[in-house]
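Here the structure comes first, spelled out in structure tokens, and everything after it is commentary.
The values are calculated or read from the model by the stated rules, or taken from the named source; none is laboratory data. Here the structure is a predicted model, which is why all the values come from computation and not from measurement. Cβ coordinates were reconstructed from backbone atoms using ideal geometry, including for glycine residues, and neighbour counts include every protein chain displayed.
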Amino acid sequence: MKVGYVDGRRIYYAFSAGTQEVIEHRRSLNAINVFPVADADTGTNLALTLEHTLNAIRPQSSPLETLRAIADASLSGARGNSGVILAQFLNGLSAEMAPEPEVSAPDFGASLVRSVPYAYQAVAKPVEGTMLTVIRAWSEAFQRLCKTTADFSEVFVRSLDHARTSLRKTPEMLAVLKKASVVDAGAQGVVHFLEGVAKLIHEGGLKRVLRRPDTSRLDQVPTLAESPDEANYRYCADGYLSGTELPLQRIRERLEKAGDSVIVAGNRERMRFHVHTDHPEDVFLDLARHGTFSQQKVDDMLRQQDVLRRRAASIALVTDSIADLPRELLDRYQVHLVPLQLLVDGSTFLDRMTVAPGQVFEVIERAAEFPSSSQPPLSQVQELFAFLTEHYDSIVALPVSSQISGTYQTFRKAAEAYNNGQERVSVIDTRLNSGAQGLLVLAAAEAIAAGKRHGEVVQLVERLIPRTRIFVSVATFEYMVRGGRVSPLKGKVARWLNMKPIVSLDPQGKGVAFATAFSRQANTKKIMAIVAELHREQPIDKYCLVHADAHARATAYAERLTEMLGRPPEYITEISPIVALSAGRGAVAVATMQGGG
């Protein structure tokens, strides 16, 4: 059937068909993903970008209105390098489309060609042999073919052949593709999208097109393309920033100084950026001066490579950012960390990822209102579990106490898809936080490294939970008052009396005031006496010290405890930014574990 024009509804149906085709092939796209980094997520990023966009829009009669909705939604939902490039191309197409009720093939082709520079300009260092090349080749072929026929169907199908030809040439343009004997994953994703549209043209079937795809289904995972190349930087970061006069060029320059794979898409009111960097916390805090973050995403590419090529065990260990463990131990045992969210003046930051422990008090002082926190989104945990269950036999997840955060319930909900008939994902309420939670994670990590089976690790963790304690020496009530945990009157009385509380957790994992002293020296003596009494009851096998900008005080604690217990602490580290909101600057905590072996 000849098609002389497209309107808003036809564009919507075509977009839906292309989206479904990409989602169907997302795993094969992940399998050939070797550029710019072999992190096996191009298919996932494209699929999630398109799915978010499709779910956010409704068909409009006007082509321009439909494209504007697609452009806006794709920018807010863009994921990864490939997702941001695609979003910028779609934004260019909406900007270049004429406000007509119907658009002919020649006019559409002209708009496509004018949109290509938008995609190229978004990338700091455009590389041929990628999705950019295929987008350009397809757009130019579409416009050229319109000179021989005005039939949209014919032009589209014939231009698809040119896109496929361009795709086959990508290994000739990029040595890393040729070495791995694959085509570019992003470029293949573009071709799959176009093939989905062509399938709709040939076969019809609006019912199939309008049916929402199921992205939770787990297919068999193809073998990954071999690539020895490693990322130049550790983290892959995406952010969505809104403002009034965003300085796009200045932001691009800032990102280029921070890392590579820089992409900036959008305009002066809203923008999506992508960067590979070692310090996402510096990037996000710096850019927050220009606007408000509604979305932040940081992927640990080193940990992804651990999963894909260097798995140390068949059991994956997951915790959240409240567990205070130094990076060295997280890396040694390949622990997967889910960040909670820190809410600052309308922007959402990722605990430990886009706000580091050493920065939190600067953030607090800069904020117009005292920051708050929230649990991680369910979708984030679901994505992690989906990824891990593809590569591990099982998962042990150790979130912060359910009495402190809803993170435990989020983990439980995400695990439901994998526990039909067998507990492949064990989510255990640690009833702990901070250094105590960190010690528990460390004990589980050591058990997994020693070759313990899933059930044995779970039993060990459940046995150790009631034997793991934490005692926090709070230096000031200021942060508890500002955060609403203590009334201003009680805070004023505490300051008058120079009260120095010791905070702990009860057996259910709820925070309690364990003891009170009236000087820092007396507070320290009480904590030492508490630890000595525990050690007399049953020997303390592991302990650690965590602090909030108080390393010297924590070190002094360590010296006294080493003499008392006959062994140094497992580690000394700073507490997470979210824990610091309540503990306050100067806090020091001792976490102990008895019977840990």
All but one of (1) β-branched (Val, Ile, Thr); (2) in a loop (DSSP other than H, G, I, E, B); (3) under 14 Å from the mean Cα position of the chain (by Cα) hold for Val298; state the number of the condition that does not hold.
(2)
Of Ser61, Ser115, the only residue that is in contact with a helix residue (DSSP H, G or I) (Cβ under 6 Å, 6 or more places away or on another chain), surrounded by fewer than 24 Cβ atoms within 10 Å (Cβ to Cβ), closer than 30 Å to Lys178 by Cα and in the same structural domain as Ser153 (by TED's automatic domain parsing) is Ser115
Over the stretch 565-597, the set of residues over 11 Å from Cys544 (Cβ atoms) and of a type in the set (Ser, Thr, Tyr) is Ser576, Ser582
So which residues in the stretch 358-392 are in contact with a Lys or Arg (Cβ under 8 Å, 6 or more places away or on another chain), in a loop (DSSP other than H, G, I, E, B) and surrounded by fewer than 17 Cβ atoms within 10 Å (Cβ to Cβ)?
Phe370
Looking only at the stretch 67-81, decide whether some residue is buried (at least 24 other Cβ atoms within 10 Å of the Cβ), more than 20 Å from His274 (Cβ to Cβ) and not basic (Lys, Arg).
yes
Please list, ordered by first then second residue, the pairs with beta carbon atoms under 6 Å, 6 or more apart or interchain, first in the stretch 420-441 and at negative phi and in a loop (DSSP other than H, G, I, E, B), second among the aromatic types (Phe, Trp, Tyr) and surrounded by fewer than 24 Cβ atoms within 10 Å (Cβ to Cβ).
Arg424/Tyr418
Residue among Arg270, Arg289, Arg254 that is among the charged types (D, E, K, R), surrounded by fewer than 16 Cβ atoms within 10 Å (Cβ to Cβ), more than 18 Å from the chain's Cα centre (by Cα) and not assigned by TED's automatic domain parsing to the domain that holds Val176
Arg289
Within the stretch 399-418, take every residue that is out of contact with any strand residue (DSSP E or B) (no Cβ under 6 Å at 6 or more places or on another chain) and not small (Gly, Ala, Ser) and give me the one that is farthest from Gln380 (Cα to Cα).
Gln403
Taking Ala150 as meeting all but one of (1) touching a residue at least 40 places away in the same chain (Cβ under 8 Å); (2) touching a helix residue (DSSP H, G or I) at 6+ places or on another chain (Cβ under 6 Å); (3) assigned to a helix (DSSP H, G or I), write down the number of the exception.
(3)
Across the stretch 558-597, which residue is farthest from Phe361 (Cα to Cα) among those that are buried (at least 24 other Cβ atoms within 10 Å of the Cβ) and hydroxyl-bearing (Ser, Thr, Tyr)?
Thr592
Part of a loop (DSSP other than H, G, I, E, B) and at positive phi: is that true of Gln334 in this structure?
yes
Just the residues that are surrounded by fewer than 23 Cβ atoms within 10 Å (Cβ to Cβ) and touching a residue at least 60 places away in the same chain (Cβ under 8 Å), please, taken from the stretch 458-468.
Val458, Val461, Arg463, Arg467
Going residue by residue through the stretch 78-95, is there one that turns out to be under 19 Å from the mean Cα position of the chain (by Cα), assigned by TED's automatic domain parsing to the domain that holds Arg158, in contact (Cβ under 8 Å) with a residue 24 or more places away in the chain and not in a helix (DSSP H, G or I)?
yes
Is it true that some residue in the stretch 308-318 is within 15 Å of the chain's Cα centre (by Cα), under 30 Å from Leu432 (Cβ atoms) and modelled with pLDDT of 95 or more?
yes
I need the full set of residues from the stretch 27-58 which are of a type outside the set (Ser, Thr, Tyr), free of Cβ contacts under 8 Å to residues at least 40 places away in the same chain and crowded, with 23+ Cβ neighbours inside 10 Å, in order please.
Asn45
Just to be sure before I move on: is Ala105 surrounded by 23 or more Cβ atoms within 10 Å (Cβ to Cβ), modelled with pLDDT of 90 or more and of a type outside the set (Lys, Arg) in the structure I sent?
yes
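Here's the yes/no breakdown for (1) within 23 Å of the chain's Cα centre (by Cα); (2) in the same structural domain as Pro569 (by TED's automatic domain parsing); (3) of a type outside the set (A, V, I, L, M, F, W, C):
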position	(1), (2), (3)
Ser401	yes, no, yes
Phe411	yes, no, no
Glu416	yes, no, yes
Asn420	no, no, yes
Arg431	no, no, yes
Which residue is modelled with the lowest pLDDT, if the candidates are limited to the stretch 119-135 and must be assigned to a helix (DSSP H, G or I) and buried (at least 21 other Cβ atoms within 10 Å of the Cβ)?
Ala122
